[in-house]
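Read through the structure below, which is laid out as structure tokens, and then see the notes.
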Amino acid sequence: MSSSASPTSTFRVADLRQNRPTGFDLRPNAKELGALADALGLTTLRKVVFTGEIRAYGKNDWELVGALGATVVQPCVVTLEPVTTRIDEKIERRFLAQMPELPDDDEEIEMPEDENSEPLETHIDVEAILHEALALNIPQFPRADGAELQEAVFTEAGKKAMTDEDVRPFAGLAALRDQLGSKEDE
């Protein structure tokens, strides 16, 4: 990844300054975009920019605050037509030297209030955070404008296909009611 704010995307925590933020500006080149698009199952990935800073967060912890912008192209889940989505997200991560203790395996676990916290390691990998944030923010089921899933019926040759209407809980009762209603009219 190329960067104008820093020559690297991995920062050694011991080298970060407590009194001044360390900026980053990641803009993957075409080859890196292609590899990332393949890894995420995208048709195309373009205009990816991840900028921000890493700064002290208390005495022993660190915080990454950034903005992720990207344009992704994926196949529509209904028509397979290309669907273009613009992603603009604020990204926050806190790296804690001391993570809150988890209860024993037998106890019920409540999720921590801050899902952006993770253990502080020796390095902070901004490129890995970019990949994770992008993966979490791409649409899971992209749809082209106006695309709607139609009813699909499948069955063995020579048999009547079961439709959505047939599996409704009261479909059989409605058919019986209709039959009884037509007999009473006779």
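Which condition number does Lys59 fail, the rest of (1) open to solvent by less than 40 Å² (accessible area, probe 1.4 Å); (2) within 19 Å of Pro119 (Cα to Cα) being met?
All conditions are met except number (1).
Give Leu36, Leu26, Leu40 a once-over and let me know the one that is within 30 Å of Asp145 (Cα to Cα), buried (at least 19 other Cβ atoms within 10 Å of the Cβ) and touching a Leu at 6+ places or on another chain (Cβ under 8 Å).
Leu36
Considering (1) open to solvent by less than 80 Å² (accessible area, probe 1.4 Å); (2) within 20 Å of Arg46 (Cβ to Cβ); (3) of a type in the set (A, V, I, L, M); (4) at pLDDT 90 or above, say which one Ile124 fails and leave the rest.
Single failed check for Ile124: (2).
Residues in segment 62-88 that are closer than 26 Å to Glu121 by Cβ and surrounded by 15 or more Cβ atoms within 10 Å (Cβ to Cβ): how many?
Looking only at that region, the number is 7.
For segment 21-36, check the following and say yes or no: at least one residue is touching a Lys or Arg at 6+ places or on another chain (Cβ under 8 Å), in a loop (DSSP other than H, G, I, E, B) and modelled with pLDDT of 90 or more.
The initial filter retains those residues of segment 21-36 that are touching a Lys or Arg at 6+ places or on another chain (Cβ under 8 Å), namely 21-22, 33.
The next check asks that each one be in a loop (DSSP other than H, G, I, E, B); those that pass are 21.
The next check asks that each one be modelled with pLDDT of 90 or more; those that pass are 21.
Yes; the residues of segment 21-36 include at least one that is touching a Lys or Arg at 6+ places or on another chain (Cβ under 8 Å), in a loop (DSSP other than H, G, I, E, B) and modelled with pLDDT of 90 or more.
Just wondering, is there one or more residues in segment 91-102 that are open to solvent by less than 60 Å² (accessible area, probe 1.4 Å), at pLDDT 85 or above and under 30 Å from Gln74 (Cα atoms)?
Yes, that holds for at least one residue.
How do the pairs read when you match residues in segment 137-153 that are at pLDDT 80 or above with residues anywhere that are in a loop (DSSP other than H, G, I, E, B) and surrounded by 10 or more Cβ atoms within 10 Å (Cβ to Cβ), using Cβ under 8 Å and keeping only pairs 6 or more apart or on different chains?
Ile138/Leu42; Phe141/Val77
The values are calculated or read from the model by the stated rules, or taken from the named source; none is laboratory data. Given the structure is predicted, the values throughout are model-derived calculations rather than measurements. As a convention, Cβ positions derive from the backbone with ideal geometry for all residues, glycine included, and neighbour counts pool all protein chains shown. Keep in mind that these areas ignore ligands, DNA and RNA; they rest on the heavy atoms of the full protein, side chains included. Shrake-Rupley method; radii C 1.70, N 1.55, O 1.52, S 1.80 Å.
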